[in-house]
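K.L.:
I'd like to ask you about the structure that follows.
Values quoted throughout were computed directly from the atomic coordinates according to the rules given, and no laboratory measurement underlies them. Quantities reported herein were computed from a predicted structural model and do not represent experimental measurements.
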Amino acid sequence: MTGTPSSQQVKTEVKTAVDMWFDPRCPWAWITSRWLLEVERTRSIETRFHVMSLSVLNEGREVPEKYRPGQIDGWGCVRVCIAAEERYGTEALRPLYNAMGTRIHHEKAGLGRDMMLGALADVGLPAELVEVADTSEYDEELRASHHAGMDPVGSEVGTPVIHVPGADGELIAFFGPVITPAPRGEAAGRLWDAVLTMAGTDGFFEIKRTRDRDAIFS
């Protein structure tokens, strides 16, 4: 006879919280975020998204001419993201980032007001959030979120940044991985296993080779 499982028989899977810091305009962070969502399908993790800002990161630095427009225009979308988080909670960031990233990187919609309004509409957030794009109303919260992600890995990196708890409970924080295109299926899980092994090794700092292709979003 089949009965109702007892509380001892029913086990709730505990997923590892993986925190990723993104700037919506960064193509490499976008690809890494797509990889993490794929890892969620093959490993017991749950990705939580947070805002950093390349405009904050590069304040006071010499930026190549081709990146200067983005340094200025990039303030708007991170301000809107942080305002959404402050008003509606961190859970609002995943769908908003998905909407912004799709418009920026796949639809080539730019970083302007129309892109932000479209992304807000896509996820059912109020259009009025776009009004913070040109103000400093949430800049204190933006900088706090930025530093929460970036300070543990230092100032010599950009985004993506990932934080994950180690086996001993200590924080593992690292920049990357920078990949293109995003691996799918079990290949995504194997890369996750390898990244954790490297990042969790005391004294491991860097593995790198020259990029020989542009970002691939498919």
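K.L.:
List the residues, sorted by chain then number, that are 5 or more residues from residue 157 or on another chain and whose placed amide H is less than 5 Å from its amide H.
P.N.:
Under 5 Å from the amide H of residue 157: no residue qualifies.
K.L.:
Of all beta bridges DSSP finds with both residues in the chain, what is the antiparallel percent, to the nearest 5?
P.N.:
55 percent
K.L.:
Quick one: which residues, 5+ away or cross-chain, put their amide H under 5 Å from the amide H of residue 47? H built at 1.01 Å from N.
P.N.:
Here the answer is 18, since their amide H atoms fall under 5 Å of that of residue 47.
K.L.:
Here's another thing I want to ask about it. For the chain, what is the Kirkwood hydrodynamic radius in Å, using each pair of distinct C-alpha atoms?
P.N.:
This gives a value of 18.5 Å.
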